[in-house]
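*Asks:* Following this message is one structure expressed as structure tokens.
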Amino acid sequence: MKRRLVFLSRDHDGLCEIVEMLNQPHLNGWRWWIFTAAAADVQRLGLPLASPLMLTNMLGGAWRGGFWGFCLGVLLAVFVLTLFTVDEGLARTIIMYSLPITLLSFGAWEGGFLGLMQNNPSFDDYRPYAASNLFVLLVDVHAVDQRLLKKIMAMCNADQVGEHSRRMWGFPWRENMFNNAELPAKLS
């Protein structure tokens, strides 16, 4: 199971030291991104910046929109088939299959657009850090490598500000280690 550990680096020198440690050839399978308002500094260093797809709620909105669109399509298909006499054959098959699939597709499309206009709620706790031009590192590792990553980050003077686990594919990351009351105290 993959886990996302979130660390905070306060300056460029610390960030460069962390990048050197994370780019070692024997550390494979780790994915990491940087979330900050100082995106130009990160791009100038050639480091991976958190993508807009990651920072918006597009995938969550598309998933929810598709689910509710499919539910509405099934409900409408049941109502149409019970209210009107539709003989067995092509018309009945089209109503039974195309109505739910069409509304699923439309719901996913519309939900994705609405999600693009919303911030990803899993990053709400880290937005104050990013707005302060601090560097928030998002590192995805296997559960086996957690202790090694925490030791590397402690050597580089990076503060751990969060830890998440993915419950199921398509669902957002969930916080399970720190609560929100601890986060503002670590900012100072």
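*Asks:* Hey, what did the chain get for relative contact order, percent, Cα under 8 Å, at least 6 apart?
*Replies:* Details: 282 pairs, mean separation 76.1, N = 188.
Reported relative contact order: 41 percent.
*Asks:* Right, here's the next one. Using a 1.4 angstrom probe, figure out how much accessible area the chain has per residue, in square angstrom, rounded to the nearest whole. Each step should come with its number before you reach the end.
*Replies:* Details: 11140 Å² over 188 residues.
Heavy-atom SASA per residue in the chain reads 59 Å².
*Asks:* Still on this structure, I have one more. With a point put 7 Å past each Cα toward its Cβ, work out how far Met54 is from Leu90 in nm, to one decimal.
*Replies:* 5.0 nm
*Asks:* About its Cα centre, how strong a charge dipole does the chain have in debye, to the nearest 20, once Lys and Arg get +1 and Asp and Glu get -1 at the Cβ? Please report the intermediate quantities before stating the final value.
*Replies:* Working: 16 positive and 16 negative charges, 64 e Å.
Using Cβ point charges on Lys, Arg, Asp and Glu, the chain gives about 300 debye.
*Asks:* Suppose we keep just the DSSP beta bridges with both residues in the chain; what percent of those would be antiparallel, to 5? Show your work: numbers first, answer last.
*Replies:* Working: 22 of 23 bridges.
Close to 95 percent.
*Asks:* Report the residue, chosen from Ala91, Ala131, Ala143, that carries the largest GNM mean-square fluctuation when the chain is represented by alpha-carbon nodes joined by springs under 10 Å.
*Replies:* Ala91
*Asks:* I need the GluC sites (Glu not before Pro) found in region 1-101, filtered to DSSP loop residues with at most 16 other beta carbons within 10 Å of theirs. It would help to have the intermediate numbers written out before the result.
*Replies:* Numbers: sites: Glu17, Glu20, Glu88; in loops: Glu88.
Passing sites in region 1-101 are Glu88.
*Asks:* Of (1) 36; (2) 30; (3) 25, which one was derived for percent of Cα pairs over 30 Å apart from the structure shown?
*Replies:* So the structure-derived entry is (1).
*Asks:* Among Met54, Met96, Met153, determine the one that fluctuates most according to a GNM of the chain built with springs between C-alpha atoms less than 10 Å apart.
*Replies:* So, out of Met54, Met96, Met153, the one fluctuating most is Met96.
*Asks:* Taking a point 7 angstrom from the Cα of Gln118 along the C-beta vector, which residues in region 35-65 have backbone N less than 12 Å away?
*Replies:* 56-65
*Asks:* Moving on to the next point. Could you work out which residue, out of Thr82, Thr36, Thr56, moves most in a Gaussian network model of the chain, that is, has the largest mean-square fluctuation with Cα springs under 10 Å?
*Replies:* The residue with the greatest mean-square fluctuation here is Thr82.
*Asks:* Sorted by accessible area (1.4 Å probe), largest first, how do His26, His12 line up? Intermediate values should be presented prior to the final figure.
*Replies:* Numbers: His26 125, His12 80 Å².
Greatest to least solvent exposure: His26, His12.
The values are calculated or read from the model by the stated rules, or taken from the named source; none is laboratory data. Source: prediction; values computed, not measured. Cβ atoms come from the backbone with ideal geometry, glycine included; neighbour counts cover every protein chain shown. Ligands, DNA and RNA are stripped out before the accessible areas are found, and what is left, the full protein with its side chains, is counted by its heavy atoms. Shrake-Rupley method; radii C 1.70, N 1.55, O 1.52, S 1.80 Å.
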